[in-house]
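Here's the structure we're looking at; comments come further down.
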Amino acid sequence: MNDKLDTWLNKNIGDAAQPSQPSPPPPHTHKKFPTQKKFHKKTPAHPQAPHPKPHAHIQPKNSPAPQAETFDEKVRVIPLGGQEEVGRNMSAIFYKEDIVIIDCGLQFPEMDMFGVDYVIPDVKFLEDKTNRIRGILLTHGHLDHIGALQHILPKLNFPPLIGTPLTLGLVKKRLDEYGLTAKTKFIEIKNPAIEKIQLGKHFSAEFFRVNHSIPDGVGICLNTPVGTIVHTGDFKFDFTPSDGLKCDFGKIAEIGRRGVLLAFADSTNAEKPGYTISEKIVNENIAKTITEAKGRVILATFSSLIGRIQHIVNAANRSGRKVFVSGRSMIANLEMAESLGYLKAPQGLIRPLKKGVKINELAPNKVMILCTGSQGEELSALTRIALGEHQTIQVKEGDTVIFSSTPIIGNERAVVAVTNNLLRLGARVITNKNLDVHTSGHASAEDLKLMHSLLKPKFLVPVHGELHMRYAHRDIAMKVGMDEGNILLLDNGDILELAPNNIVRKSKSKVRVNNILIDGLGVGDIGASVLRERQIMSENGIVAIVFKAYAQSGKLVGAPDIISRGFVYMKESSAIVEETKKVAMKAYEEVAGKDYKEVRKEVSRAVAKFIRQRIDREPLILPYTIQI
């Protein structure tokens, strides 16, 4: 490692990459770098920030006294998520005293993350550099791009959030739940085609509209001292999108003509040939199904698909149906979209489905129910409907249920279970397998070729996907003429260096990033050992051994009590239970009088060995001692 890189790592990454002392803050002068205090006055719960002037400086909250510090001439990009999974998208871009972040999303838990709600990026190495963060650029409003903000913003001292109106509207809804909206500065991009934002001294950001499964998505063009970086965000090319706003081909081509050093591009559908199906086809199929259905129509989809929901509402209105909405997130998102003008409907057409609403008094062919639960979520509206547990809706013969979605990896079994339950109740179920009622928001192979042809980047980093997706994206880029050596497959925490004269390379050093697991209100307090214990309990159950012993002598008072859950049925396994008691007592007596931890360790070891040999199971063993 050369001396300059050593210096930069010590100043910017610190212990996250190698042992070093934290660096002093970078120099600022109040004349050129005003503080951010004016961005953090008390504001209403839904602050409407004035639209920024082009090139307006976005600066840190606290400007330190000027100090001498040296930086090299390289831009460094560090992905904190989105490189080894679909989700948790977040990247930090460094140049001298300026840092810019793109996206801040969550990842839904993998199958072995028992009880975990979601996973967020690890930003520990940024926490002592908050005065250098000029803003967080948001590509669109899906949770895998905005879902970690409520946890990350306080850690980073609330840098400004920059995004389109719908994206920021969804962010505000999320931050409202945590009481963070008034502390946050929002900078709205109303016209992506012409607006430009200055971020500190060295970065400026431009935007271009893209099509996705949610309106108001943008790609980002980040101008840096060594060259242009483009982040496509999640995109596809749709000539008939739900919201009528086509991808800005002209702006993308213009950026390509100016020259793109490095592109970060969506890889989720890289393995799918052809072009991604247009929303127009999906909307036509859904409208036809709603019109032809003789009974009620129950449609489950993602609450963020505002453009598609507009067409669903229009189809229901044309067929004389009232639209009843069930599911907290669906109701909240539709209210927000209506307030911002992204969803339009005649007054009284859309109604929240609350207790007391007399839906059953309407003729079945006058009812449309829009709900959450397209992924088979345990507590969602559709799952409760399928189980007969919904307080208002009971499925009956003649109902049509539409899944306007495809199952996310890991949710397939849950969706099948809900489907089977609906069929048992007499419903007709329509999924994407028998009719095109959903399309992806991600670029397929031909879409990616078109994006590469427009941008013509010198270097490419495939993002937003598992490794096999990013490999497929690499192969596509090579087919349109890109050198294999100019395509970089990164992992989370890798450091990508961009130097003058079109030099881009991956550093040998790396930032340490961990999975930060969210479980309820706990943030990062679930580690590998907890997950391992949860896995053991899920597979083999738990055995608790409760000893009673004299406090002074430590001698046992009778045999221990055995309490088990998910291990064996106690009444039918009395012989195993009695043998376990004897093994536990013997192990206890062999180490009686020793340290409590030693006693627990020996009892656990002995009982685990016995159970494994006796019935080939490995439950979680928990010995306890009650002193009397």
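The values are calculated or read from the model by the stated rules, or taken from the named source; none is laboratory data. Remember, predicted model here, so these are calculated numbers, not experimental data. Here the Cβ positions follow ideal geometry from the backbone for every residue, glycine too, while neighbour counts run over all protein chains shown. Quick note on the areas: whole protein, heavy atoms, side chains included, nothing else; ligands and nucleic acids left out. Shrake-Rupley method; radii C 1.70, N 1.55, O 1.52, S 1.80 Å.
Looking across region 237-281, the residues that are in contact with a Phe, Trp or Tyr (Cβ under 6 Å, 6 or more places away or on another chain) and in contact (Cβ under 8 Å) with a residue 40 or more places away in the chain come down to Asp248, Lys251, Ile252, Leu262, Asp266.
Residues in region 421-453 that are of a type in the set (Gly, Ala, Ser), open to solvent by 40 Å² or more (accessible area, probe 1.4 Å) and farther than 30 Å from Phe239 by Cβ: none.
Of the residues that make up region 284-294, is at least one more than 22 Å from His145 (Cβ to Cβ), hydrophobic (A, V, I, L, M, F, W, C) and in contact with a Cys (Cβ under 6 Å, 6 or more places away or on another chain)? Taking every residue of region 284-294 in turn, none turns out to be more than 22 Å from His145 (Cβ to Cβ), hydrophobic (A, V, I, L, M, F, W, C) and in contact with a Cys (Cβ under 6 Å, 6 or more places away or on another chain). Beta carbons closer than 8 Å, at least 6 apart along the sequence or on distinct chains, pair a first residue in region 208-232 that is without any contact (Cβ under 8 Å) to a residue 60 or more places away in the chain and farther than 22 Å from Lys190 by Cβ with a second that is open to solvent by less than 10 Å² (accessible area, probe 1.4 Å) and part of a strand (DSSP E or B) for Thr228/Cys221; Thr228/Leu222; Thr228/Leu262. Filtering region 571-628 to residues that are assigned to a helix (DSSP H, G or I) and among the small types (Gly, Ala, Ser) leaves Ser574, Ala575, Ala584, Ala587, Ser604, Ala606, Ala608.
The sole residue among Tyr596, Tyr624 that is touching a Ser or Thr at 6+ places or on another chain (Cβ under 8 Å) and open to solvent by 50 Å² or more (accessible area, probe 1.4 Å) is Tyr596. Is there a residue in region 244-255 that is under 19 Å from Ala477 (Cβ atoms) and not hydrophobic (A, V, I, L, M, F, W, C)? No, region 244-255 contains no residue that is under 19 Å from Ala477 (Cβ atoms) and not hydrophobic (A, V, I, L, M, F, W, C).
I'd like to know if region 180-198 contains one or more residues that are within 30 Å of Arg505 (Cβ to Cβ), touching a residue at least 40 places away in the same chain (Cβ under 8 Å) and among the hydroxyl-bearing types (Ser, Thr, Tyr). Scanning region 180-198, I find no residue that is within 30 Å of Arg505 (Cβ to Cβ), touching a residue at least 40 places away in the same chain (Cβ under 8 Å) and among the hydroxyl-bearing types (Ser, Thr, Tyr), so the answer is no.
Scanning region 151-168 for residues that are open to solvent by less than 10 Å² (accessible area, probe 1.4 Å) and assigned to a helix (DSSP H, G or I) yields a total of 5. Note on region 463-487: among residues that are among the β-branched types (Val, Ile, Thr) and surrounded by 14 or more Cβ atoms within 10 Å (Cβ to Cβ), the one that is modelled with the lowest pLDDT is Val463. Residues being open to solvent by less than 40 Å² (accessible area, probe 1.4 Å), modelled with pLDDT under 85 and among the polar types (S, T, N, Q) are entirely absent from region 576-588. Within region 384-403, one or more residues are touching a His at 6+ places or on another chain (Cβ under 9 Å) and over 25 Å from Glu279 (Cα atoms). Selection over region 169-194 of residues that are open to solvent by 50 Å² or more (accessible area, probe 1.4 Å), charged (D, E, K, R) and not in a helix (DSSP H, G or I) gives a count of 2. Can you find a residue in region 405-420 that is over 27 Å from the mean Cα position of the chain (by Cα), free of Cβ contacts under 8 Å to residues at least 40 places away in the same chain and open to solvent by 10 Å² or more (accessible area, probe 1.4 Å)? Yes, some residue in region 405-420 is over 27 Å from the mean Cα position of the chain (by Cα), free of Cβ contacts under 8 Å to residues at least 40 places away in the same chain and open to solvent by 10 Å² or more (accessible area, probe 1.4 Å).
Report whether or not Pro457 is of a type outside the set (Gly, Ala, Ser) and open to solvent by 50 Å² or more (accessible area, probe 1.4 Å). Spelling it out, it is not the case that Pro457 is of a type outside the set (Gly, Ala, Ser) and open to solvent by 50 Å² or more (accessible area, probe 1.4 Å). Against the criterion of being open to solvent by 10 Å² or more (accessible area, probe 1.4 Å), more than 24 Å from Lys366 (Cα to Cα) and modelled with pLDDT of 95 or more, Lys246 does not qualify. Yes or no: region 112-125 includes at least one residue that is within 28 Å of the chain's Cα centre (by Cα), closer than 19 Å to Asn223 by Cβ and at pLDDT 90 or above. No, the conditions are met nowhere in region 112-125. Looking only at region 513-561, residues that are in a loop (DSSP other than H, G, I, E, B) and at pLDDT 70 or above come to 14 in all. Pairs meeting the criteria (first residue in region 335-363 and farther than 18 Å from Leu299 by Cα and touching a residue at least 40 places away in the same chain (Cβ under 8 Å), second residue open to solvent by 40 Å² or more (accessible area, probe 1.4 Å) and not in a loop (DSSP other than H, G, I, E, B), beta carbons under 7 Å, at least 6 apart or on different chains) are Met336/Lys173.
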